[in-house]
1. Mind listing whichever residues of segment 266-323 are open to solvent by less than 20 Å² (accessible area, probe 1.4 Å) and in a loop (DSSP other than H, G, I, E, B)?
2. Quick one: what pairs do we get from segment 236-263, first residue of a type in the set (Lys, Arg), second not in a loop (DSSP other than H, G, I, E, B), C-beta under 6 Å, 6+ apart or different chains?
3. State whether one or more residues within segment 154-166 are among the β-branched types (Val, Ile, Thr), touching a Phe, Trp or Tyr at 6+ places or on another chain (Cβ under 7 Å) and modelled with pLDDT of 95 or more.
4. Provide a single number: the residues in segment 220-235 that are in contact (Cβ under 8 Å) with a residue 60 or more places away in the chain, buried (at least 20 other Cβ atoms within 10 Å of the Cβ) and of a type outside the set (Ser, Thr, Tyr).
5. I'm checking my understanding of the structure. Among residues of segment 164-209 that are open to solvent by less than 40 Å² (accessible area, probe 1.4 Å) and assigned to a strand (DSSP E or B), which one is nearest to Trp279 (Cα to Cα)?
6. Tell me which residues, restricted to segment 118-149, are hydrophobic (A, V, I, L, M, F, W, C), open to solvent by 10 Å² or more (accessible area, probe 1.4 Å) and over 30 Å from Lys214 (Cα atoms).
7. Would you check if Ser196 is modelled with pLDDT under 95 and among the hydroxyl-bearing types (Ser, Thr, Tyr)?
Amino acid sequence: MLKKTLKTMSGVIAAGVLSVSAGTALAEVNFEGETVTIIIPFKEGGGTSRTFRFFQPYLSKYLPGNPVIQLQHMPGGGTIKGGNFFHDNQESDGTFALATSSSVNMQQATGNPLAKFDLLSYEPVLSLATTTHWVTHADLADGPNDVSGLQELPVALFPFKTAASADMFHLWIYKTLGIDGARPIPGLSSSAGYQSFQRGELQMASHGTGNFLKTISKDIADGKVHQFMTLGVLQPDGSVQRPSYSPDALTFPEMYEKVHGKPLEGAEREAYEVIAANWGPASKGLVLPTGTPTEIVDAWRKAVEEMTKDLEFIEAAPKNIGPFPVVIGEDVRGIIGKAVDLSDASKQQFNDAIAHYNLTYRIE
C-alpha cells in the first residue's frame, strides 16, 4: 500500500451527529502501531483534502490504539485513478479508507465505464454537507433573489469544468430556470471562474458554502453582487431548508416556483434531489472497503461520533468545515444512494440539458 505523510488544510462545515451502529465489541479493535491510509482522489489543497486534513488528528485521537493517519493524494482521471486504486487494493482490516466527493459520485452516477468502484458496496462511515450559492452582478438584478435580468440577457456566461463533472448540474439549473442566454465557459474551475466573474468577464458564478462564507459574502456585503439563489439544504424527510447562515436567500425550489408559478414536482423534482444530494449531504464522505468486519466499521463510526463531541473540534469546525452536521453510519448509505443511483427519468432530464447546450457528452 502506498504511504505518505500528511499535509495541512481547511475547508467546509460540521458539528452534530446522526446514527452510529451500536453493540459490537469495540474493545476487540486496536490500531496501535498501525498507519491508516485515506485515499484522496484529488491533488493536495482541494476541498476534500482540506476537510480530511482537519479530521486527521481527531481520527488519530479517537480510533482505538491512536494510529497514524495519512492522506494519500491520488489525482487523475477526474477521481478515477484514486477511486480505482482503492477498489483494487481493498484491505478490510480498517487501515484503508476512501474519501469521496460529488466528483467521485458523478463517475458512478453517470455510468463512466472506466470507474471500477461502487460506492454502494462499501461500508459508509460519514458524510458531510455543503450547499451551493449563485450570484450575479448588482447591475444585472433588481436586488437579491432576482433572475429577471439574467433571463433577459442574450448571453449570460458562467464557469464550467466539463459535462462529465458535477458542473453538469449547472446546465440543468440554468435551463430549468429559463435563463436562455446562459452559456458555459469550459475549463474553468470554481475558483478561477469566480475570479473571472469578479473581473466582469462572466455574468453568473457559484460557490459552495466554504468559499461563499470566505469570499462571496464579502462581495455581497460590499454591494458588488447579489445572491439570486441557493441550492437549499435537502432534509431526510425530503423537505428543503434555507442554510442557517443565509436565511433570506431563496432555495432552488422556491426560485423555480417564483419563475414558473407552480411547485417543483415530478421528474424535475427528482432531478433536483439528485443535485441536492450530490452538492449537499453526499458532497464529502468516507467509506471502508467491502466486507470490512462489523466491529471495525463500528469502531470507525464511534471514533467519528467522539470526534464531533470534542470541544476543540466543535470550536474549530465552523471555520474549517462549516455549519452543517457530520452524518454518521447507515444514514450515509441512503444519502450516497440518492446521489449515485439515478433513475431513467433523471438521466433524461440531465441529458436533455446537456443536449440543450450542444455538448456531446451523455449519461448512460
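1. Answer for segment 266-323, where residues must be open to solvent by less than 20 Å² (accessible area, probe 1.4 Å) and in a loop (DSSP other than H, G, I, E, B): Gly280, Ala282, Ser283, Pro289, Thr292, Asp310, Ile321, Gly322.
2. So the pair list comes out as Arg242/Thr251.
3. Looking through segment 154-166, none of the residues is among the β-branched types (Val, Ile, Thr), touching a Phe, Trp or Tyr at 6+ places or on another chain (Cβ under 7 Å) and modelled with pLDDT of 95 or more.
4. Qualifying residue count, segment 220-235: 8.
5. The qualifying residue nearest to Trp279 (Cα to Cα) is Gly208.
6. Leu120
7. Spelling it out, it is not the case that Ser196 is modelled with pLDDT under 95 and among the hydroxyl-bearing types (Ser, Thr, Tyr).
Conditions tested, residue by residue: (1) in a loop (DSSP other than H, G, I, E, B); (2) at pLDDT 95 or above; (3) in contact with a Cys (Cβ under 6 Å, 6 or more places away or on another chain).
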| position | (1), (2), (3) |
| --- | --- |
| Gly94 | yes, yes, no |
| Ala99 | no, yes, no |
| Met106 | no, no, no |
| Pro113 | yes, no, no |
| Phe117 | yes, yes, no |
| His133 | no, yes, no |
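The values are calculated or read from the model by the stated rules, or taken from the named source; none is laboratory data. From a predicted model like this one, the values you see are computed outputs, not experimental measurements. All Cβ positions, even for glycine, are placed from backbone atoms using ideal geometry, and neighbour counts span all protein chains on display. To get the accessible areas, we keep the full protein, side chains included, count just its heavy atoms, and leave off ligands, DNA and RNA. Shrake-Rupley method; radii C 1.70, N 1.55, O 1.52, S 1.80 Å.
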